[in-house]
Every structure is written in structure tokens, then in C-alpha cells.
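Chemist: One structure is given below, represented as C-alpha cells, and several questions about it will come after.
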């Protein structure tokens, strides 16, 4: 009996010492390293070094993801089984020499599961859902407000006309634009889901296009004269349609005016949907709030018209639009990295850790390439803002000089 107790004591001491010898495992760090190694394996495969790519992909799973498995297996065992199959498909594909596009699709699925795993172990917190809801609200409200202002301008032009059919044509054109926007969203979602391209590459291209449009929108909103010219151009087209008595032309003008805003909205939400990930529900909450706010705004516009302080909203919308552009730049570069098109220079440990949901929504990924692209984008915004301010002062000065001479 004493011998048995002694053996138990020795066994307990051995296990205790072994536990002390094992270093603490940071599950989020292991998941990030796993993702980086998968990205590295794609680059090596693209460069023709298939054996090294296979070893890197194997190391991503055996040397890192397996250390993150124990807590994840308790929280979501199905995810672990899914990841095992996907890593196996990636390694087998590299061994068999599959086309790069097929391997990118597998790696994209692995990347999505890794982001899901990071959210599971890190939790959603408060900031991530708040950013997702804010993004969902701001995109629709900005585009919807612009459409509402243009629509109000059309009705203001038709105010003197007693022809109810003209107003009906405007309403039908607007309704058709809203329906076309919904169909565009459904079609874009379906096409992107079956496209023979990796999810990361689709996300990268979508983010790049969204950045270009957001960048142009930011400075367009700052230049109120450009907005006035746009409204005047639209009114001239309405005038031609009314004088020609063409209800179809008036409906098409309304349709194109509203659908342009709707198409931009679809593009922005495609990029934001990828970034929202596990907090996607909060983005839809923001969309619902934006719909309610737009209904109220639309009613107030037709009740009070120009008395509404809409001009005060545009500086705020400019700032938020610029922040989205910076976030999409970071996400776009990161997506190109995950697709194996760009190098990855990690800054893990050199920067404070950020919740994965917050990082996805802000584009703040700890790599030199993503942060460098965002810094460059901010610099371009600052230079553009200073240029607009100086050119605006110069124009006001020239106008004042002309008035004095006159």
C-alpha cells in the first residue's frame, strides 16, 4: 500500500513538472501564425517550390493549429473536424499539383474558418459589433440621403406642374431603382459565391473598387459646387423630359439617378459583409436603423424642404466615408496577401493586439504592407484636403477681387 502511494506521488510530481515545462500557449497567436503559414505556402507553390509549400502547409497545421485545438474542440467541435479536412485537402492538392485557383479556394475556406475560430476564442466584445452596426447604418444612410435629396430636387422642379402623371413617373422610376438595387445585391451575392476564384481574391478586388469610389465620393462631398452642378445637370435633364412630354424619359432619369446610388451601396456592402464576419448580424441591424432614419428624413424633406440642415451632415459623412476607404485599403491588401499575391511582413508582438473583429472592420492588420497602405491613404486624404482648402480660398479671393474691380 505504501509502495502504491509512493508511485502515485512520483507520478503526480512528474506530471506537475511536465506541466511547468510546457510553455503557455496563446491560441489567438497560434491561429494567426497558422494563417500566415498557409499564405506563405501559397506563395511558395506559385513560385514552383511545391515540396516546400507542402512542408509549410503541414507545419501550419501540425506545429500551430493543433496547439489551438483543445479549447476550440470544446467550444466548436464541428469547426475542428472541418479544418482537419480542409488542411488535408490543401496538402493533398499540393502533392497532386492541382491548379493554383483550386488551392486558393481551399486556402480561402481555411482563412474564413480561422477568422471564425479567432472570434470564438476572443469573443465579439463591444467595439466590433458597434463598428459593424455603424458601417451598416452609414453606408445606406449616406447613399440614401443623396438619393433623397436628388429626388426632392426633381419633385421641387415639378411642383409648378399639375400633371400628376409626371409625379407618378418619378415614383415608378424610384421604385424600379430600389427593386433593381435589391436584385443587384442578390445577383452579386450569388455570382460571387459560385465564382471560380478564391474568396480572398474576390474580397481584394471588391475592396479595391470600393476604395476608388469612396475616395472620389469623399472629395465630391467636400466640393459643394460639384454637388450643385450635379443637381443642375439633373434638373436640365428633367426639364427636357417634361418639355418633350415623355413620361418614360422622366422615369428613366429618376431610375438612373437612384440606381447609381444603389449600385454603389451594393458594392460597399459586399466589402463590408466580408469584413463583418461573425458580427454580420450587427451590420444588418445598422441597415434596419438606416432604413428607419431614411424614411423619417424623406418625409421631413418633403415637409420642410430646404429648411432641413442637410449641409451639416455632409462633413460628418465625409469623415466616415474616408475612414471606410482607409479600412477597405487595409482589408484589400490583407486579402491580396491571403491569396498569395503579396508578401507578408508580420509585426506581431511589436504592436498591441487588436480584437479580430475590430481588425477586420478597421483594416488594422499587423503587417507592414497593410499599415503602410493605410498610412499612404491617410496622407493622400490630408494632401487632398489641404489642396481643396487652399484652392477654395484662392477662388474666394479672386471673386472678391473681381467684385472690387466692378
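Chemist: How about the range 14-42: which of its residues are more than 22 Å from residue 353 (Cβ to Cβ) and modelled with pLDDT of 50 or more?
Modeler: Correct list: 41, 42.
Chemist: Which of the helices (runs of 4 or more DSSP H) found entirely inside the range 77-181 contain at least 3 residues meeting this: surrounded by fewer than 19 Cβ atoms within 10 Å (Cβ to Cβ) and out of contact with any helix residue (DSSP H, G or I) (no Cβ under 9 Å at 6 or more places or on another chain)?
Modeler: Fully inside the range 77-181 and qualifying: 77-96.
Chemist: Criterion first (assigned by TED's automatic domain parsing to the domain that holds residue 215, surrounded by fewer than 18 Cβ atoms within 10 Å (Cβ to Cβ) and either modelled with pLDDT of 75 or more or part of a loop (DSSP other than H, G, I, E, B) (or both)) does residue 300 satisfy it?
Modeler: Yes, satisfied.
The values are calculated or read from the model by the stated rules, or taken from the named source; none is laboratory data. Note that this is a predicted model, so its numbers are computed, not measured. Here the Cβ is made from the backbone with ideal geometry for all residues, glycine too, and neighbour counts use every protein chain on show.
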